[in-house]
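Encoded as structure tokens, the structure appears first; notes follow it.
Where a number appears in this text, it was derived from the coordinates with a stated rule and is not lab data. This structure is a prediction, so every number in the text was calculated from the model and none was measured. Neighbour counts run over all protein chains shown; Cβ positions are idealised from the backbone, glycine included.
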Amino acid sequence: MGEVVLAVDIGGTKTAAALADRTGALLRVEVAATPAAEGRAAVVATVVALAVRLLADTGQRLAGVGIGTAGVVDSGAGTIVSATDTFADWPGTDVAGLIRAGLGDLLRPGALIVVQNDVDAHAAGEYRHGAAAGAASALVVAVGTGVGGGLILDGRAVRGAHHVAGEIAHIPTPGADHLRCPCGRVGHLEAIGSGIGMHRHFIVLGGDPAIADARGIAAAASAGDRTARRALEESAAAVGRALAAAATLVDPERIVITGGVPNIGDAWWRPMLDAFHAEAIDALQNTPILPGVLGDDAPLRGAAASAWRNP
């Protein structure tokens with residue numbers, strides 16, 4: 001085994017870590033539950049424990065560390081600007097500093113530690129190794145429990161002046177006016193387009209409360225439940241409209257969609273694409289909108305690229 005870096009994906013429910021070589025290949029992967037409610041020290045300790053497990057019996061020290069994490073991240077400083085209540089004490093955390101201190105002698109001298117938003121890491125993975133490979137620019141959108149976005153322009157990640165570039169979740173979206181977004185405002189994409197948003201919309205429409213999530217809504221729609229079908233299609237259409245707005249602003253060469261909700265299949269993709277094409281101007285009609293191909297490996301591979309100083 002040659003030089004390796006540690007790639008980390010810190011999510012609200014699980015933390016994944018991997019050793020990666022210079023090609024971005026994941027050599028070993030370990031996963032643990034994220035103790036998000038226990039505070040920053042517990043989250044950092046989980047990352048360190050995963051690193052110790054990965055390096056056991058290898059005789060290796062880390063050439064660098066790349067981390068994708070939930071929250072708004074100041075990537076230059078390696079700190080958390082803001083986060084949801086899922087993570088206790090996460091805003092203000094010096095993730096890079098705490099990880100460096102925790103890993104200690106497991107790091108080679110001068111090892112780089114890069115921290116970025118998890119969807120930015122996901123976007124980097126799909127851009128370097130997945131569905132956006134070869135494009136000069138790409139918008140990568142993850143639609144799952146929530147909604148997130150990462151933006152690549154001219155081959156480089158765009159962070160923005162306030163570290164929220166590409167954050168499509170909070171685009172005001174027609175059809176979501178009756179739903180509150182996790183940010184506290186009403187009418188944003190995440191309020192209706194996410195898996196949780198789809199379910200809340202379903203309940204507002206009078207859907208069966210025994211159906212617990214987006215997967216259940218999809219199954220009910222397939223079985224002929226008209227309310228489930230309406231909720232599914234209107235949620236998907238909201239994503240399509242938001243993509244049309246984003247594409248108008250940044251004109252990406254490619255749009256890549258990942259996450260659990262698109263895995264519903266054609267019942268989701270069809271109304272999403274129909275809404276995009278209904279709203280997008282003529283010049284954007286041929287913008288490729290593709291499913292991601294890397295799955296859970298995408299943020300790890302993007303995080304690994306950052307640790308090797310690859311944009």
Check your understanding: According to a simple spin-label model (label point 7 Å from Cα along Cα-to-Cβ), what is the distance in nm between ALA77 and ALA133?
Key -> 3.7
Practice item. Taking H placed 1.01 Å from N in the peptide plane, check which residues at least 5 places from GLY78 or on another chain put their amide H under 5 Å from its amide H. Key: VAL115
Practice item. Output ³J(HN,Hα) for the stretch 274-279: one whole-Hz value per residue in order, computed from phi by the Karplus curve 6.51 cos²θ - 1.76 cosθ + 1.60 with θ = phi - 60°, and x for Gly and Pro. Key: 4, 5, 4, 5, 6, 9
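Taking only C-alpha pairs under 8 Å that are 6+ residues apart, what is the relative contact order of the stretch 39-177 in percent? Before the final figure, lay out each step's value.
Values: 221 pairs, mean separation 28.5, N = 139.
Normalised by residue count, the contact order of the stretch 39-177 is 21 percent.
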Exercise for review: Divide by every residue of the chain the summed helix terms, -39500 (n - 2.57) for each DSSP H run of at least 4, and state the resulting mean residue ellipticity at 222 nm, rounded to the nearest 500 deg cm²/dmol.
Suggested key: -11000 deg cm²/dmol
Review point. Tell me, what is the percent relative contact order of the chain, built from C-alpha pairs under 8 Å that lie six or more residues apart?
Key: 20
Check your understanding: What ranking do 5-16, 75-86 get when scored by the average of other Cβ atoms within 10 Å per residue, highest first?
Key -> 5-16, 75-86
Practice item. Could you please report the charge total around GLY144, scoring K, R as +1 and D, E as -1 over all other residues with beta-carbon less than 14 angstrom from its beta-carbon? Key: -3
**Study point:** Packing rank of 138-151, 285-298, where each peptide gets the mean count of other beta carbons within 10 Å, highest leading
**Key:** 138-151, 285-298
Check your understanding: Short version: ³J(HN,Hα) in whole Hz for each residue of the stretch 77-87, in order, from phi by Karplus 6.51 cos²θ - 1.76 cosθ + 1.60 (θ = phi - 60°), x for Gly and Pro, what are they?
Key -> 9, x, 10, 8, 7, 7, 7, 6, 5, 4, 9
Review point. Once the Cβ-Cβ distance between ASP89 and CYS183 is put in as r, and R0 is 22 Å, what FRET efficiency do you end up with, to the nearest 0.05?
Key: 0.70
Review point. Which ³J(HN,Hα) values, rounded to whole Hz and listed in residue order, are derived for the stretch 189-197 from phi using the Karplus coefficients 6.51, -1.76 and 1.60 in 6.51 cos²θ - 1.76 cosθ + 1.60 with θ = phi - 60°, glycine and proline given as x?
Key: 4, 4, 5, 10, x, 6, x, 5, x
Review point. Hey, can you rank 189-200, 102-113, 28-39 by average C-beta count inside 10 Å, highest first?
Key: 189-200, 28-39, 102-113
Revision key, fill the gap. So HIS277 and ARG53, fully extended at 0.36 nm per residue minus their Cα-Cα distance, gain in nm 75.8 nm
Exercise for review: Starting from the amide H of LEU179, placed 1.01 Å from N in the peptide plane, find each other amide H under 5 Å away whose residue is 5 or more places distant or on another chain.
Suggested key: GLY187
Study note, to complete from the structure: Of all DSSP beta bridges with both partners in the chain, the antiparallel percent, nearest 5, is 55
Review point. For the stretch 179-244, what relative contact order do you get, as a whole percent, if you take Cα pairs closer than 8 Å and at least 6 residues apart?
Key: 29
